[in-house]
Every structure is written in C-alpha cells, then in structure tokens.
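Data first, discussion second: the structure below is written as structure tokens.
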Amino acid sequence: MASFRNSCEILGDSGEDLCGVLPPTCVNPLVSSATTAVAALLKAANGSLEQHLASTSVQDTMDLSYFSNEVLEMWSRREGRALASPQLGPVVSAGDLGQHLAEGSRGLALLLISHLTDHMGWSSWGFTQAVTMFDMYCWRMREVPGEEVLPGICVAICNLIHKVDMPNEPVDGSLLRISTAWLSKCLELSGRAPVRSVLKEMCSFEQCVLEAVQWQINTPSIESWMLAFCGRMDAASEGVFRSSLKWIMHQGALLTRGILQSMPVFELRPHHFARGLFCQGLAAAQLFPLRALCPEEQISIDGWEQLYLQTGWGEELPKCVLSEPCREGACKLLEMVLNSRLSELRQDALLFATAARDASDLV
C-alpha cells in the first residue's frame, strides 16, 4: 500500500510538488489551465470523449496503473470485514459509540496524535492515517482508552504505521515519555490532574492495538482510496489533469483532517468518504459539473449548491469547463475511474458534503 509520504509522487515524477505551496483554503489556482487540459484530452481522443471511453485502452491503462478494478474490489471487501468484525466489547451502534467518543477522550487523542505526527514530520495524510487506526481500535474495543493509557496507545499506532511505511528507519524510543509529558501539561493547563502513564514496554501497547484490530493494519484508509482514484484518473486522462489532481489530494487532506475532528471513520466508511471527497474535488477543480453530483431525490439543486459552499472547497460555485456534449462522457469516465455507479457517487458526495458542513459548524 502506498505511503502517505509519496501521495503526490504517485501522480508523476516531474518533481513539481504543488502541494507544499498552496494555502489551506483556496479556490483551485490551477483552474485557469483546466480548459487547456480538457482541450488536450479531447484532442488526444480525436474530439470525442465518448469515443475515447469506448476504446478498451482506457480500462487497460487503468488496470495497468497502480490500482486495477480487482484491487479496488479487494480493498472494499477488506474494509467491510474490518468494520463488521467480531466485537470485543459491548454491542453499541456506530452513532452511540461516536457520541461516547466525543464525550470521552477522543479529543485528547486527536491532539496527541497531531502532536506526534508533527514531531515525526508527517504530512496531513499521516495524521489521517493514524486517526483512522485509532478509531478502528475504538470500534473493535467498543470504548475509548482511558487517559492513563492514551499516550501508549497513540504512540503505538504511530510506531506501527512508521514500521510499515519506513521499515528500515528506527522509531524514536523517547516518544512515549515525550507524549506523556505533553499530555500531562495539556491537562494541567485545563485544570485537570496530570496523566500517569501505564508502565509498560512499548511492544505491549503495540500488541494491544494489533490484537484489537486483528492485525489488519493495512485496512484501506481515506488516503489509500484517494491515491487509487487520483492514480486511475491520471492514467485515464493521459496525465493532462495531473496538476489539478495534486491540488485535490492536498486540499482533500486538509478537509479530511477537519472532518475527522468531529466524526470517527466508522460513521462514514473510508471508501465512501473518499468517493464523495474525490467527486467534490473534481467539481471544485472545474473538471466535473457540480450539479451532476446532486442526488435530486434527496436535496434540491439550490440546496445542493448552498451545501457545497459550506464544505470548505471554495467560496464560489465552480463553473465546469466541459462543454455540454462532453458532460455525459465525463460521467461515464467518473464511473469507470471509481468503479461505481453515478447514483452511488451522488449519495457519497452528499454524505461527504454533510459531514464537511457539520465539521465547519463546530469550528
């Protein structure tokens, strides 16, 4: 599985890393080149997007890229097993557990994970990956860890991710002490008693996490799905959308980080979350019509557009650069890239937009 450290490298090795220079919330600065990119794609397709899609070369190109249809289907099954696996604790619904986590120490855990990932020099997707594993741990255990073991659990999660992504680089053995001291300081500043770390070897905490998630540390994350979707779209569009896809990855990481502050991953599966995020990202990049993503049986067009404006993608409605004759082909392309029906994608786009709006309301 691709590391979060090379999220953009997977879209090309040109050395152009736009992700490091974009502000956290902005209208896509690359949309001025979107028209040129679409024109290039149509030229390569001899003027017909539908004809381009009808050729077997598009599907073959995606299958020969990093992620084939079979890989996506395998990931979906793996994710489903992880979320439907036998429970180790009392039976509660996802909503009830989410409320319990919000009232418990999940907020402290996210602060601690943010501190750890910053200390380790990880990207925003690294934070997302660690939070995903923490939420999966809580989902399996049906509880949130107490403050006394919180440092050990969070450090163990970060260590496990580090070992998978960078097996040849040693982990920092002082992280448990550092994180315990940091969390204690936070608690003291808020008038609470400092945390007393459980005296265990780090391997004991790591084993606790691994047993809870049934050793499924490679369960696909939101980042994994986004890498797959961007890689497949890059292959299908012959690289002409690459700059915009990099922007979608960067902006998507920031939006995801904000959403996960208030919504555990088990309330919206990573697969569905990423599909909604990717679809809205294409619309924000002006490469897909926003209205085509509206599930009109659930929300009006006006309501859909107002909801988009509350997601954080931009302060203005995006204007798709595709001509009307090309938009039907764009819908078919999106279905091929995400290996899903448009009706499913509309539902996921609504779920993501609602989660993004709710998260922004809490800020």
I'd like the residue in the stretch 336-347 that is in a loop (DSSP other than H, G, I, E, B) and in contact (Cβ under 8 Å) with a residue 24 or more places away in the chain and, out of all such residues, is least open to solvent (accessible area, probe 1.4 Å). Ser340
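Kindly check whether there is at least one residue in the stretch 211-222 that is closer than 18 Å to Leu72 by Cβ and hydrophobic (A, V, I, L, M, F, W, C). Steps first, please.
Let us first name the residues in the stretch 211-222 that are closer than 18 Å to Leu72 by Cβ, namely 216, 218-222.
Narrowing further to those that are hydrophobic (A, V, I, L, M, F, W, C): 222.
Looking through the stretch 211-222, at least one residue is closer than 18 Å to Leu72 by Cβ and hydrophobic (A, V, I, L, M, F, W, C).
I need the full set of residues from the stretch 108-131 which are assigned to a helix (DSSP H, G or I), free of Cβ contacts under 8 Å to residues at least 24 places away in the same chain and open to solvent by 40 Å² or more (accessible area, probe 1.4 Å), in order please.
In the first step, residues of the stretch 108-131 are kept if they are assigned to a helix (DSSP H, G or I); the result is 108-119, 124-131.
In the following step, the residues that additionally are free of Cβ contacts under 8 Å to residues at least 24 places away in the same chain were identified as 114, 118.
Within the stretch 108-131, just Asp118 meets the criteria.
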Counting only residues that are in contact (Cβ under 8 Å) with a residue 60 or more places away in the chain and open to solvent by 30 Å² or more (accessible area, probe 1.4 Å), how many does the stretch 348-363 have? 5
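So if I check each of Glu223, Glu267, Glu238, Glu206, which one is surrounded by fewer than 24 Cβ atoms within 10 Å (Cβ to Cβ), acidic (Asp, Glu) and either within 22 Å of Arg341 (Cα to Cα) or touching a Gly at 6+ places or on another chain (Cβ under 8 Å) (or both)? Break it down into steps so the answer makes sense when it comes.
Values: Glu223 fails: surrounded by fewer than 24 Cβ atoms within 10 Å (Cβ to Cβ); Glu238 fails: either within 22 Å of Arg341 (Cα to Cα) or touching a Gly at 6+ places or on another chain (Cβ under 8 Å) (or both); Glu206 fails: either within 22 Å of Arg341 (Cα to Cα) or touching a Gly at 6+ places or on another chain (Cβ under 8 Å) (or both).
Answer to the check: Glu267.
For the stretch 303-330, how many residues are within 27 Å of Leu254 (Cβ to Cβ) and assigned to a helix (DSSP H, G or I)?
Of the residues in the stretch 303-330, the ones within 27 Å of Leu254 (Cβ to Cβ) are 303-322, 330.
After this cut, where a residue has to be assigned to a helix (DSSP H, G or I) as well, the list is 303-308, 330.
Number satisfying all stated conditions: 7.
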I need the full set of residues from the stretch 317-335 which are open to solvent by 30 Å² or more (accessible area, probe 1.4 Å), within 24 Å of Phe67 (Cβ to Cβ) and modelled with pLDDT under 90, in order please. Lys332
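Is the stretch 270-278 home to any residue that is part of a loop (DSSP other than H, G, I, E, B), closer than 26 Å to Val131 by Cα and open to solvent by less than 10 Å² (accessible area, probe 1.4 Å)?
So in the stretch 270-278, the residues part of a loop (DSSP other than H, G, I, E, B) come out as none.
Checked the stretch 270-278: no residue is part of a loop (DSSP other than H, G, I, E, B), closer than 26 Å to Val131 by Cα and open to solvent by less than 10 Å² (accessible area, probe 1.4 Å).
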Just checking, which of Leu97, Leu83, Leu88 is among the aliphatic types (A, V, I, L, M), within 22 Å of Val209 (Cβ to Cβ) and modelled with pLDDT of 70 or more? Leu83
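The values are calculated or read from the model by the stated rules, or taken from the named source; none is laboratory data. Computed from a prediction, not measured in an experiment: that's the story for all the values here. Positions of Cβ are generated from backbone atoms using ideal geometry, with glycine treated the same way; all protein chains shown enter the neighbour counts. Remember, those area values only see protein heavy atoms, side chains included, never the ligands or the DNA or RNA. Shrake-Rupley method; radii C 1.70, N 1.55, O 1.52, S 1.80 Å.
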